[in-house]
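For reference, the structure is listed below as structure tokens.
Coordinate-derived values only; no laboratory data. Everything quoted here is computed from the prediction, not taken from an experiment. With ideal geometry, Cβ positions are generated from the backbone for all residues, glycine too; neighbour counts draw on all protein chains shown.
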Amino acid sequence: MSNRSRMLLDVDTGIDDALAILYALLSPEIKVEGITTGFGNIDVEQATDNTLRIIQLANCGYEVPVAVGAAGPLERIFHGGVPHIHGNNGIGDAILPVPSQKPVDESAAAFIVRKVNENPGELILVTVGRLTNLALALQLDPGIANKFKKVVMMGGTVLAPGNVTPVSEANLYGDPEAASIVFESGLPITVVGLDVTQKTRLTRRHMEQLAVEAKTGDREIIAFMDEALRKYFDFYAFSNHFEGECPMHDPLAVLVAMHPSLVRIETMNAVIDCGTGYTAGMVVTDRRVRSTVGRPVDFCMEVDVERAMDKLLSVFKRGGR
């Protein structure tokens, strides 16, 4: 396992978070060093419970500590999850066995600080929820900004429409102040936003293929995915007219962390709008020739969808790992 990339995940475990966690735990290329949880798709208590259940389902063969994180934004109010998207329990109302594992007795922010200081230059951090835990970690120890191997975050949009307001994506809209701290921190950020995640879609046809090609030992995992994704397919048919398709927002962030050649990356100066109304949480990129606003951030602007989906599904198929 020594040749695997070492990864921390920060999640608000809804349906696509669950798939991202499963991919990371089942990938022969990744060792998940820990998972931190927060609010967003669901409240932090349910997100933590979901995460522990997913780890148990994956049965990856090694211990994965889970640290409970923020219950709400730094300065704003969390108005609750999005059951119309992720179901009442956050994972499409799919039922998984009660986990035997308990969270560690350490906050998510403290856990992130400790892990990166113990392993400078070795850890990849992938965030797929609000950036609150990472912002709190930076406030605890600003020095961690230059100690990650890389930081890949799912969130935001540059040119694609937002999914909460016309210009804002849910993770950044949910805590703009935290996002601003992260963007200004000097962290080596790669942003996997709606510009690429909305194009990277799992289809009902993919699920039919998995039902045939999955390893015998993964039947429970595929059954869970099939049940959880029903809610997701229905929502995206309504919201985006994606018939029999749903975006792989969070799994793509994990994929990009491991395989950056899947995307075309463009570096732009950017800041986060911390105002109110439609632009709260908007990624403001300064694309002028003489750019003066913000600091350089790497944004994923195009994606090789077929390669990305092949890699995602490979860990669930016979011979894939």
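Give the peptides 15-24, 278-287 in descending order of average Cβ contacts within 10 Å, highest first. It would help to have the intermediate numbers written out before the result.
On the way: 15-24: 27.0, 278-287: 19.5.
Peptide ranking by packing, descending: 15-24, 278-287.
Determine the gain in length on full extension of the stretch residue 291-residue 4; use 0.36 nm per residue of separation and subtract their C-alpha separation, reporting nm with one decimal. Mind showing how you got there, number by number?
On the way: separation 287, 0.36 × 287 = 103.32 nm, distance 3.85 nm.
Between residue 291 and residue 4, full extension yields 99.5 nm more.
Above 26 Å lies some portion of the pair distances; for the chain, what is it as a whole percent of all C-alpha pairs? Write out the running numbers ahead of the final one.
Numbers: 20799 of 51360 pairs.
Percentage above 26 Å: 40.
Ratio of alpha-carbon Rg to the 2.2 N^0.38 Å globular estimate for the stretch 229-268, to two decimals, please. Provide the component values of the computation, followed by the final result.
On the way: Rg = 13.4 Å, N = 40, 2.2 N^0.38 = 8.9 Å.
The reported ratio for this selection is 1.50.
Using the alpha-carbon centroid of each, what span in Å lies between the stretch 92-106 and the stretch 262-293?
The distance from the Cα centre of the stretch 92-106 to that of the stretch 262-293 comes to 37 Å.
Determine, for each peptide in 154-163, 100-109, 38-47, 69-78, the mean count of other beta carbons within 10 angstrom over its residues, then list the peptides with the highest first. Before the final figure, lay out the partial values.
Values: 154-163: 21.3, 100-109: 15.8, 38-47: 24.9, 69-78: 17.9.
For the peptides 154-163, 100-109, 38-47, 69-78, the packing ranking is 38-47, 154-163, 69-78, 100-109.
Please report the orientation-averaged projected area of the stretch 182-312, defined via the convex hull of its C-alpha atoms, in nm².
Details: hull surface 40.6 nm².
Reported value for the Cα convex hull: 10.1 nm².
Taking the stretch 171-257, which trypsin sites (Lys or Arg not before Pro) meet the DSSP loop condition and have no more than 12 other C-beta atoms within 10 Å? Let's see the in-between values first.
On the way: sites: 199, 201, 204, 205, 215, 219, 230, 231; in loops: 199, 215.
Listed in order of number, the matching sites amount to none.
Could you please report the charge total around residue 74, scoring K, R as +1 and D, E as -1 over all other residues with beta-carbon less than 9 angstrom from its beta-carbon? Mind dumping the intermediate values first?
Details: positive: 76; negative: 75, 175, 177.
So the surrounding residues net to -2.
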